[in-house]
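> Quick one: the structure is below, and I'll ask about it shortly.
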Amino acid sequence: MTELGLVAWPPVPIRTERLVLRESEAGDRAALIELFSSPEVGTYIGGPQSRDELERAMPEVPGRRPGFFVIDRGGATIGMITFDGRDAERPAPARPDAGEAWLGYLLLPEAWGHGYAAEACAAALGWFADALPGRQVALCTQTANDRSMRLAVKLGFTEVERFEAFGAEQWFGVWSPATPPA
C-alpha cells in the first residue's frame, strides 16, 4: 500500500497486556516458516506452503517492510499481522477506488483460542488509525472460518458483501476508525 510508505517505519513496538507487535528480525524466520507451512494455518488460505520452498525463498529477515508486524509473546514469535494494498490478482469485490488497506493475520496453532488474535489486531488497528487517520481497512475471510468471522465482528468490521472464490464463499468487510469525540 503506497500510503504505508509515507508512515515512519518501523514504528515503536506496540505493547499490549500480553503481546508486542514489532518489526521482524532474523530470529523470526524459523517461526514464520513454521507458520506458513502449517497445514492447520493453511486450512482457509489455500493450503500450507512447502517448507523446502520457504527455506529456500524466505529472506534472512522475513517481512521487513511497512505494514508487517510480528506478534511476539514473551520473546517468542506466535504470528504476524499485515496491512497491504489490494492485490489485483486476488479475487475480491470490485472496489477499485476504495483505497483501503487489507488486514491479514496468521497465528501458530498453539496460539489459537487465547484471544491473542483479537488483542493483536485491535492494537494494530489502533496504530493504523493513528498513522493514517480516516483510512478504511478491509478484511476478507472464508465464511467457513468461524474464528475469523467472529473476530471480524468483534473488531468492528461491517459486512459489505459475500462472494465465491477459491471454491468457497468469502466474506468481505470494512473497518473505519471511530470518529474522535468532539
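What follows draws every value from the coordinates through simple rules; no lab data is involved. Every value quoted in this text rests on a predicted model; they were computed, and no experiment measured them. Because the Cβ atoms are built from the backbone with ideal geometry, glycine has one as well, and the counts that use them run over all protein chains shown.
> Under unit Cβ charges (Lys, Arg +1; Asp, Glu -1), what dipole magnitude, rounded to 20 debye, does the chain have relative to its Cα centre?
For this selection, approximately 340 debye.
> If amide hydrogens are placed 1.01 Å from N in the peptide plane, which non-local residues have theirs closer than 5 Å to the one on residue 108?
For residue 108, whose amide H was placed from the backbone, the distant partners under 5 Å are 79.
> Give me the net charge of residue 21's neighbourhood, meaning all other residues with Cβ under 11 Å from the Cβ of residue 21; Lys, Arg count +1, Asp, Glu -1.
0
> At a Förster radius of 25 Å, what calculated FRET efficiency corresponds to the Cβ-Cβ distance of residue 154 and residue 64, to the nearest 0.05?
Efficiency computed from Cβ-Cβ geometry: 0.25.
> Give me the mean projected area, in nm² to one decimal, of the convex hull enclosing the Cα positions of the range 2-175. Walk me through the numbers before you get to the answer.
Numbers: hull surface 39.2 nm².
Result: 9.8 nm².
> For residue 143 and residue 114, what does the FRET efficiency come to when R0 = 30 Å and r is the distance between their Cβ atoms, rounded to the nearest 0.05?
Working: r = 24 Å, r/R0 = 0.78.
That pair, residue 143 with residue 114, gives E of 0.80.
> Ok, one more. Which net charge results when you count Lys and Arg as +1 and Asp and Glu as -1 among the other residues whose beta-carbon is under 14 Å from that of residue 128?
With Lys, Arg at +1 and Asp, Glu at -1, the neighbours total -3.
> Sticking with the crude label model, points 7 Å out along Cα→Cβ, report the distance from residue 169 to residue 8 in nm, one decimal please.
Here the modelled spin labels are 4.6 nm apart.
> Can you figure out the FRET efficiency of residue 26 with residue 52, using R₀ = 22 Å and their beta-carbon distance, to the nearest 0.05?
Values: r = 20 Å, r/R0 = 0.90.
The calculated FRET efficiency here is 0.65.
> Another one. Which of 69, 155, 168 sits farthest toward the positive end of the charge dipole of the chain, with +1 on the Cβ of Lys and Arg and -1 on the Cβ of Asp and Glu?
Projecting each Cα onto the dipole axis, the largest value belongs to 155.
> Rounded to the nearest 500, what is the chain's calculated 222 nm mean residue ellipticity when only DSSP H runs of at least 4 contribute -39500 (n - 2.57) each, over all residues?
On the way: 4 runs with 42 residues, N = 182.
After summing the helix terms and dividing by residue count, I get -7000 deg cm²/dmol.
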